[in-house]
Amino acid sequence: MWLIGLAWKNLWRNKTRTAITMSAVFFAVLLSVFAGSLKSGIFGNMIKNVVSFYTGYIQIHKKGYWNEQVLDNGMICDSALEHRLLQIPNVTGLAPRLETFGLIATNKSTKGCLVAGVDPEKENEVTSLKKKLIRGQYLNFNDTEALLSEGLAERIKARTGDTIYIIGQGYHGATAAGRYRVKGIVKFGSPELNNQTMFLSLPAASELFSAEGIATSLVVSLRNPDLLDETVRALEQKLGSETEVMSWEAIMPDVKQHIETDSNNMKYVQGILYMLVSFGIFGTFLMMMVERKNELAMLIAIGMKKSKLCLLMVIESVFTVLGGCIMGILVSIPLVWYFNQKPLRLGGEIAKVYEKFGFEAIFPTSLSPDNFVFQGITVLAIGLLLSLYPVYKVINTDPATSLKR
Amino acid sequence: MKTSKPDSATAAKSDVVIDTHNISRVYNPDTIPVYAIRNVHLHIKRGEFTALVGPSGSGKTTLLNLIGGLDKPDQGRILINGTEITALSAGELIEFRLYNIGFVFQSFNLIPVLTAGENAEFIMLLQGKSKKERDARMKQLFREIDMEDKMDRRPGELSGGQQQRVAVARALASKPQFILADEPTANLDSKSASNLLDIMDKMNREENITFIFSTHDQRVIERARRVITLVDGEVASDTNVIDTSAPH
Ligand SMILES: Nc1ncnc2c1ncn2[C@@H]1O[C@H](COP(=O)(O)OP(=O)(O)O)[C@@H](O)[C@H]1O
Ligand SMILES: [Mg+2]
């Protein structure tokens, strides 16, 4: 249509103005895509860190276990079940755990502790337990030795090679008592975990608690953590009503809340960015309408319908804003990619705080395409909304008073 | 050269293209009212070549705006070729102007991003004319303004006189009832002005195109065949000039 041709030509008449508008949009998209991907990258990384403390992204229990965390609420866990769940595309691994509370004792002292029977290899895939080892050696599947968390070892004054005793209640009321050598010490960022956890290999724990083939929880690792809710639903469908499937959000609602608050604060920053851009674009539109006042009055005088003229204005705005948007997205892709590969790294005090909790102070950007699309569309919408100003001016043009003769 | 009073009674009714009935236009009616146009009665017939003259502020622009349907009188009626434009809505007026009235402006007002040809063609695009029809008309018009070789130039590459000729071609492209030109030569040097008048004069004689133009340039007034003088918004004199030099 000739109107599009005219709009296109109009873009080139005042190249500076078009360039200003386009670059306002360009930088808006670039910055907001970058900020957005950094934001979701940071939170994604934070979640990854938090879930790798211990919980994992998703846990499966027998229905009711979460409310009453006792051994008798354990579920039957065999390789057939694991095989079935691994068919869900986003599920990459499953780590069974047999967890219960017991008393741990050395010659010198007795304390309460969380005894976790784990499959050493599978557990390592989910929570990188091996990385947390600070002394001694990691467990093997057939070991009958124990790993102690650093704080717990201190509290009972045990060192690697020492012997510890465990007393507790087994499955269906059986008595549980065992003696183990300390094979290694692991260190957790979270004080709660660090002060009261000990690990046994799953077969050893099963024997201790007379709970052969029983797991209290099955920790699920994911290919794409963004598909958390979808995966929970897929698992629920496969498992039926006898089990409960809980995402980390359900397991740690406080962490989820904290992240949401932070994420809302980021939204204000982004809002200010959008506002600055709006002023930039609006300024150029203001300039344009002053400059073209006479021309628009002339067009109306010679018989161009206002609706057509409005359409012309909107097409021109769409071209400019869309152009800036596309350029912004094209340039942001390598930028975001670069900072995903070479993440921002914090130093100094903040890094120390992070390290204390057991993770690196690095902030990779997220490569999620949603972010590009969302930011692009938002800026585009702002541009189109602002193009209502030229439209408004056209509607209010009176050719008799606006025409400079 | 002799002069005489125009005699509207002798003209057939269908020959009258512009008919104003006692029109007035008042600015700022609530504060200090300015009577830009006061009780003007006018008949303009097809084929006239009329100059609207008067000192600055006498109401020429206001009158042309009223006749052109860009403004509405506070009192009175205006009929264009039998249509009462004072009764049309703003939207209807735009449509009416597109098909009935050609405009030439003092400052040319061409679209800078379009070529001379495209500028003139623009109005036919608005009318939805076919490519074939547009091309034929453009060729003819640019021959008439003697700018066939400059159709592809942008306004910025043309002299003022050339731009105003393109503006005349644009005004004519829509085949209007008449052409209104508000001080069309005010921004031109005298040679370009005379050249523009030559072209308008020729179109008027050969194709019976009706022109109404305002001016206060004596050399332009001399070219007119009817001169309406406004003073303080009122018609002070209205004379037909019998042009003896013209091959009637
Ligand atoms: N928009 C307006 N508001 C108030 N007064 C106006 C306006 N336009 C014109 N006038 C007044 O109306 C009178 C006629 O103006 P105009 O038609 O422009 O005269 P001319 O074209 O002959 O110079 C002048 O006194 C002018 O100041
Ligand atoms: Mg004037």
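The values are calculated or read from the model by the stated rules, or taken from the named source; none is laboratory data. In this text the structure is predicted, and so the values were computed from the model without any measurement. So basically every Cβ, Gly included, is an ideal-geometry build from the backbone, and we count neighbours across all protein chains shown. The protein model used for the area step is the full one, side chains on, heavy atoms only, and it has no ligands, DNA or RNA in it. Shrake-Rupley method; radii C 1.70, N 1.55, O 1.52, S 1.80 Å.
Taken over the range B:181-202, residues that are touching a residue at least 40 places away in the same chain (Cβ under 8 Å) and over 25 Å from B:Leu70 (Cα atoms) amount to 3.
Among the residues here, B:Leu64 qualifies as within 14 Å of chain A (Cβ to nearest Cβ), within 18 Å of the chain's Cα centre (by Cα) and within 16 Å of ligand 1 (Cβ to nearest atom). Would you check if there is a residue in the range A:324-333 being over 22 Å from A:Arg17 (Cβ atoms) and in contact with a Leu (Cβ under 7 Å, 6 or more places away or on another chain)? Yes - at least one qualifying residue is present in the range A:324-333.
Does any residue of the range B:156-179 turn out to be within 11 Å of another protein chain (Cβ to nearest Cβ) and touching a Gly at 6+ places or on another chain (Cβ under 6 Å)? So that I can check it myself, show each step before the final result.
To start, the set of residues in the range B:156-179 that are within 11 Å of another protein chain (Cβ to nearest Cβ) comprises B:156, B:167, B:170-171, B:173-174, B:176.
Pick out the ones that are also touching a Gly at 6+ places or on another chain (Cβ under 6 Å) and you get B:171, B:176.
Yes: the range B:156-179 contains one or more residues that are within 11 Å of another protein chain (Cβ to nearest Cβ) and touching a Gly at 6+ places or on another chain (Cβ under 6 Å).
In this structure, A:Thr144 does satisfy being of a type in the set (Ser, Thr, Tyr) and touching a helix residue (DSSP H, G or I) at 6+ places or on another chain (Cβ under 8 Å). In this structure, B:Ser194 does satisfy being surrounded by fewer than 22 Cβ atoms within 10 Å (Cβ to Cβ), closer than 22 Å to B:Leu52 by Cβ and either away from every other protein chain (no Cβ under 14 Å) or away from ligand 1 (no atom under 16 Å from the Cβ) (or both). If you take the residues of the range B:101-140 that are under 16 Å from the mean Cα position of the chain (by Cα) and open to solvent by 30 Å² or more (accessible area, probe 1.4 Å), which of them is nearest to A:Gly5 (Cα to Cα)? The extreme case among them is B:Ser107.
Listed here are the helices (runs of 4 or more DSSP H) enclosed by the range A:228-316 that have at least 3 residues being away from every other protein chain (no Cβ under 14 Å): A:228-239, A:248-251, A:253-291. Residues that are within 14 Å of chain B (Cβ to nearest Cβ) number at least 3 in the following helices (runs of 4 or more DSSP H) confined to the range A:359-405: A:399-402. Report yes if some residue within the range B:131-144 is away from chain A (no Cβ under 11 Å) and under 19 Å from A:Lys308 (Cα atoms); otherwise report no. No, the range B:131-144 contains no residue that is away from chain A (no Cβ under 11 Å) and under 19 Å from A:Lys308 (Cα atoms).
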